[in-house]
Amino acid sequence: MNCTTARRLMLLARPGERSDRETHDLEHHLAECPACRKEQSAIGATVAGFRRIAGAEPVVPDRSIAAQEVIRRLRQSSPSASPIADALFRPAEAPAVRFALIAGVLIAATMFGFEVSTTLWDMHRLEMRFADRRPVSSAPSVFGGNPADMPLTAARKESLRSLGYSRASSERLIASAGIDRIFRPFLSGESVDAAVRGILGDTPEARTVLQMLRAHPAAASRLFGKGE
Amino acid sequence: MTTQTEQQTVEQLAVSAQAGDAGAFRCLVERTHPMAFRLAFRLLADDHDARDAAQESFIRLWDHLDRYDPTQRFETWFYRIVTNVAMDRLRARKRRWGVFPRTDRRAIDAADPSTLESAGANAELAGIIRTLTDDLPERQRAVIVLRDLQDCSTEEVAEILGISVASVKTNLHYARARIRSLMQSRFGIRKEDV
Ligand SMILES: [Zn+2]
């Protein structure tokens, strides 16, 4: 081994970073080369000195206060009024919001021309399940029929209100922006999977919604603002 | 925090958080905050900046969680985020006021006694790190902190900084040489000892 190789190996001071063979060759070289021996001990002393002087443990802030602060900032940075963003951190209160999201996804889906008939039955079951909370739709016009001539039913407005929009603003939103815009800000920056599972958890409902979104990537991408 | 999440590895917590489990995410933050702060502190040599950088790292973590590959060691992956956040801050700080912040800025935190306490306790250490790493080029500074203070392996440092192993070694070599001479000149450590 020459001095250049020996000095390169010296930088790998930790066990496991050199092969047995390299360690052996290095030791052999060091035994014969006073200049490299000197360099080796200088590196060791520098690292040890640096760690002694600068490597003390800093006083670390309280981790649970720090975690609270992170969550607070996350709420603030995602559209904070969003019940969905909120639900991410308060799963216990999520059911109404969950249903609103599913309803929203489906309303949006039908607006984009999804063929949702295969999932209608699932949706119906879902509605039944959450019926005691907020019957978003009892009218087939929400989930069925030709999306192009779907009227702004009371049920659709109601579903938006359940998402936290006032009557006036939900009407304005439906009229001007289209429903995809309404959901996008809630979910931007997240993968579709993470977003949907974040709201619904690992449930049959989540799988149904995801299945549907996967089957219609273009609409999913419009809905979530992401190509997936 | 439930016993179940307490027993999970950080990788498992990250996977649950990816699936939208808010409890797992919170637990992940609590579990990894000390190491995020420690790394940020050593890179930035400032208590206040390190707190902010750690916070920002978790915001970025949340935003990029879907990119985490669970076969990867979580800490290495997250170190990369923390390092990027800290280095961004370092650059911004240099642009603003030279390398280190004005001390009077800390008055902002006076309302929170715990902040003052740790800032006080960490002030001396921050000063030492500053003296030794202050005028190192950015990459050398990151390499020597990760490798010699954070105990990362050469491969890990390369992965965290997105540079080659050879580049890690070169940077390490120059950084150590510089620090060696600073320890002699600024801390009066005899030449024979380092
Ligand atoms: Zn030699």
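When segment B:147-186 is filtered for residues that are free of Cβ contacts under 8 Å to residues at least 12 places away in the same chain and not polar (S, T, N, Q), the ones remaining, listed by number, are B:Asp151, B:Glu155, B:Ala158, B:Val165, B:Ala166, B:His173, B:Ala177. Suppose the filter is at the interface with chain B (Cβ under 7 Å from one of its Cβ atoms) and either in contact with a Pro (Cβ under 9 Å, 6 or more places away or on another chain) or within 15 Å of B:Ala177 (Cα to Cα) (or both); does A:Ala45 pass it? When the stated conditions are applied, A:Ala45 passes them. Among the residues of segment A:14-34, those that are within 14 Å of chain B (Cβ to nearest Cβ) and outside any helix (DSSP H, G or I) comprise A:Arg14, A:Pro15, A:Gly16, A:Glu17, A:Arg18, A:Ser19. Sub-7 Å Cβ pairs linking a first residue in segment A:28-40 that is within 15 Å of B:Ala177 (Cα to Cα) to a second residue that is within 8 Å of the ligand (Cβ to nearest atom) and among the polar types (S, T, N, Q), at least 6 apart or interchain, number zero. Scanning segment B:125-150 for residues that are among the charged types (D, E, K, R) and modelled with pLDDT of 90 or more gives B:Arg130, B:Glu138, B:Arg139, B:Arg141, B:Arg147, B:Asp148. When B:Ala54 is tested against the conditions (1) among the small types (Gly, Ala, Ser); (2) more than 28 Å from B:Arg91 (Cβ to Cβ); (3) open to solvent by less than 10 Å² (accessible area, probe 1.4 Å), the lone failure is (2). Of the numbered criteria (1) more than 7 Å from every other protein chain (Cβ to nearest Cβ); (2) open to solvent by less than 10 Å² (accessible area, probe 1.4 Å); (3) touching a Pro at 6+ places or on another chain (Cβ under 6 Å), the one B:Glu11 fails is (2).
Does B:Phe100 fit the bill of being in a loop (DSSP other than H, G, I, E, B), at negative phi and modelled with pLDDT under 95? So B:Phe100 fits the description; yes. Candidates in segment A:30-54 are the residues that are surrounded by 19 or more Cβ atoms within 10 Å (Cβ to Cβ) and not hydrophobic (A, V, I, L, M, F, W, C); of these, the one that is nearest to the ligand (Cβ to nearest atom) is A:Gln40.
The values are calculated or read from the model by the stated rules, or taken from the named source; none is laboratory data. Quantities reported herein were computed from a predicted structural model and do not represent experimental measurements. Virtual Cβ from ideal backbone geometry, glycine too; neighbours counted across all protein chains shown. Protein only, heavy atoms only, side chains kept; ligands, DNA and RNA dropped before computing areas. Shrake-Rupley method; radii C 1.70, N 1.55, O 1.52, S 1.80 Å.
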